[in-house]
1. For peptide A:70-82, compute the average count of partner chain beta-carbon atoms within 10 Å of each residue's beta-carbon.
2. Just order A:308-314, B:181-187 by mean Cβ neighbour count inside 10 Å, highest at the front, would you?
3. Using a 1.4 Å probe and ignoring any ligands, DNA or RNA, find the accessible area of A:D103 and quote it in Å² to the nearest 10.
4. Under 13 Å from the Cβ of B:V33, count the other residues' Cβ atoms, weight Lys and Arg +1, Asp and Glu -1, and hand me the total.
5. In cubic angstrom, how much convex hull volume per residue do the alpha carbon atoms of chain A span?
6. Kindly give the distances from B:T192 to its copy-mates, label point to label point, with each label point 7 Å from Cα along Cα→Cβ, as nm values to one decimal ordered shortest first.
7. 5 Å is the cut-off here: which amide hydrogens, built 1.01 Å from N in the peptide plane, fall below it relative to B:V293, excluding neighbours closer than 5 in sequence?
8. Spelling out what I want: for every residue of the stretch A:28-36, take phi, set θ = phi - 60°, compute 6.51 cos²θ - 1.76 cosθ + 1.60 (Karplus), and round to whole Hz; glycine and proline get x.
Number of protein chains: 2
Amino acid sequence: MSDRSRKTIKDVAAAAGVSIGTASRALNRTGRVSEATVIRVTKAAQKLGYQPDAIAQSLRLKSTKVVGMLVTDLSNPFFAGVIRAAEKRLQQAGYALLVGNTDNEKARERFLIDLFQRRRVDGLIAGPCESEDAEMLEELDRGGLPVIGFDRDFGAGQSGLHVDHRRAAFEATRHLLNLGHERIALLSSSSTLSPGRERIAGYAAALEERGIALNNALIRAHKSSMEFVASEALSLMSLRPAPTAFLCLGTRMLAGTLQGLRQNGLSVPDDVSVLTVGDTDLARLYAPSISAVTWDLESVGQMLAELMLRRLEEGESESEPRRIMIPTQFIDRESCAPPGHRPET
Amino acid sequence: MSDRSRKTIKDVAAAAGVSIGTASRALNRTGRVSEATVIRVTKAAQKLGYQPDAIAQSLRLKSTKVVGMLVTDLSNPFFAGVIRAAEKRLQQAGYALLVGNTDNEKARERFLIDLFQRRRVDGLIAGPCESEDAEMLEELDRGGLPVIGFDRDFGAGQSGLHVDHRRAAFEATRHLLNLGHERIALLSSSSTLSPGRERIAGYAAALEERGIALNNALIRAHKSSMEFVASEALSLMSLRPAPTAFLCLGTRMLAGTLQGLRQNGLSVPDDVSVLTVGDTDLARLYAPSISAVTWDLESVGQMLAELMLRRLEEGESESEPRRIMIPTQFIDRESCAPPGHRPET
DNA sequence: TAGCCTTGCACAAACGTTTTCACAATATGG
DNA sequence: CCATATTGTGAAAACGTTTGTGCAAGGCTA
């Protein structure tokens with residue numbers, strides 16, 4: 001119980017009166033062991049409270065049963081939900097998930113990849129990161145470390161998963177167009193990461209479909225604080241002609257936009273329509289509730305884990321890379337109305 | 001480069017023309033090695049792209065440089081922020097953080113602790129969990145595994161950190177009392193976990209200070225979906241006399257309450273005041289903005305890491321257990337007004 | 001009954017490190 | 001110049017597993 005030293009398989013073997021080799025085979029039910037000794041060894045192990053040392057096993061078996069995951073910010077709810085689901089699924093398969101924050105810095109990503117390699121992770125899930133250089137990960141993958149990309153550009157031979165950000169933004173934009181909006185402001189936190197790029201492309205595609213020229217003055221794409229986004233929103237509203245709708249890409253953009261509009265007494269959707277890609281509590285519960293495009297974080301995490309597990313189980317057969325596209329859903333709420341709405345006044 | 005097999009210290013030693021013992025000493029700058037060989041070995045290591053195998057090191061050194069963290073739900077933003085900060089600080093010290101979700105189930109907690117032990121984590125940070133039995137963790141701690149509690153009851157000899165939930169709720173309640181409220185509804189997600197218990201105690205203490213009797217009809221404390229919370233809020237409002245203020249303990253409670261009030265056309269703060277313990281985007285940006293009690297997630301995470309690191313570094317000296325109480329701040333916003341406010345109508 | 005196959009086990013090697021010990025070579029002191 | 005520190009190095013043990021190999025004992029076929 002309160003025994004200082006941990007029990008090793010040696011202790012178990014001694015207690016059962018067999019060699020450590022047999023003890024191991026008995027516990028793992030591998031190789032040829034008589035049923036009698038299996039029972040004897042198992043009992044001894046139980047009595048001693050023996051737990052196999054995962055480190056020693058890793059060393060011997062050349063597999064740590066750990067997969068690493070790279071993410072810009074684990075406290076971002078869109079990642080947190082994915083991580084949660086991925087961890088759950090991996091755990092079922094006996095794997096642990098080691099998460100690292102890149103803070104969207106290339107240097108930190110490098111550092112973490114290095115760290116994960118030293119720790120001998122069995123696989124790597126790589127989320128979007130600044131300057132997603134595919135080569136490094138591709139090299140790792142070729143070098144024998146399974147790499148699964150997540151919302152991230154990667155080499156031709158790799159497996160990965162993408163949320164369909166392009167279609168998400170496309171549908172959101174089209175919804176606004178269908179309401180009659182033509183000047184749609186776009187607020188994005190990033191135009192360099194894959195999700196941001198894809199979303200902007202979807203926005204552009206929807207406009208093009210309607211033959212509306214892209215107006216760069218309406219697009220603001222840089223990461224920034226909520227306060228700055230608020231002022232951006234206001235500066236957009238002071239354009240002439242002013243935009244009649246806001247498409248917010250990401251939760252922080254939505255928060256800033258709402259704050260900015262509210263500070264200036266602009267009401268949604270009477271003065272301006274608002275739509276967001278990426279659903280949050282804020283969008284759901286704001287008054288008025290904000291229409292949003294959403295996707296299932298849990299299934300994203302689960303699929304990521306699944307992809308990784310397949311790569312891990314299938315051994316060397318590597319097969320063809322698997323790619324998954326996660327669909328998105330548009331949720332219509334109260335924040336969108338035809339332009340020039342203003343019911344009374 | 002694309003070399004299949006990983007380089008070991010053996011390769012480095014061979015390349016530098018020394019024994020593996022000296023290679024190790026040279027790389028770690030430990031023991032007596034001539035400066036010349038240090039340089040030679042270092043160069044060889046660099047050329048080969050040698051990375052020491054953390055697994056082998058762990059086995060030999062009996063330290064994995066990993067700390068485990070137990071949390072009910074890593075996607076809960078209050079935990080996510082803490083985890084993020086803790087991971088950052090631990091990483092600076094060369095430790096990795098392995099997180100596990102208990103889903104607030106005792107069985108899962110048991111399972112994870114077992115898992116962490118098999119993986120030979122160097123330390124354990126244990127967040128609140130259903131039926132926080134202190135004995136198990138205490139035994140672990142005595143058994144040589146440093147355990148740091150987080151918002152969790154634990155044994156007398158253990159170190160830990162608490163957010164001052166009691167005072168948070170106390171101050172929130174007092175603020176409402178000062179405005180003249182006497183019937184304050186309380187919505188809490190849990191009365192069993194330490195934070196929930198403490199908050200309810202704080203609420204009760206503030207009422208008692210004013211000589212107001214605790215009215216159990218005004219208290220709803222169970223974990224539940226947002227929709228159910230909404231209906232709870234409505235049922236509370238249909239009491240006669242109806243509560244004039246809502247104190248929401250936790251973000252989901254706030255969300256449900258706001259939804260319920262809004263569905264029934266009740267306005268904040270004119271019809272009812274609302275106050276929340278635990279600040280979120282929703283509280284900040286809702287119209288009206290919701291007064292809240294907040295605390296710094298980042299410093300919580302950092303302190304947790306710090307406590308753990310001290311335990312880890314100080315070796316066997318164990319010293320006296322360290323305990324830290326994290327203060328909270330009250331943020332007054334727009335959601336509270338004297339009862340019977342109703343400016344116009 | 002001789003030969004052979006099967007079964008059950010012990011022994012030892014291996015995984016990649018760190019570290020203790022011993023030993024040679026060189027430096028130091030009288 | 002001899003005795004003694006000091007320094008640099010290599011050999012080997014150890015960490016706790018898993019697994020290949022060998023060997024003895026017993027059961028089977030012919």
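The values are calculated or read from the model by the stated rules, or taken from the named source; none is laboratory data. Treat the numbers as computed from the prediction; the structure is a model and nothing was measured. Backbone-built Cβ (ideal geometry, glycine too); neighbour counts: all protein chains shown. These area figures cover heavy atoms from the full protein model, side chains too; ligands, DNA and RNA do not enter into them. Shrake-Rupley method; radii C 1.70, N 1.55, O 1.52, S 1.80 Å.
1. 4
2. Top to bottom by mean Cβ count within 10 Å: B:181-187, A:308-314.
3. 50 Å²
4. Combined, the nearby Lys, Arg, Asp and Glu give +3.
5. That works out to 176 Å³ per residue.
6. Spacings between copies for this position, smallest first, are 4.8 nm.
7. Correct list: B:T276, B:V277, B:G278, B:I331.
8. Coupling constants for the stretch A:28-36: 8, 6, 10, x, 9, 9, 6, 4, 4 Hz.
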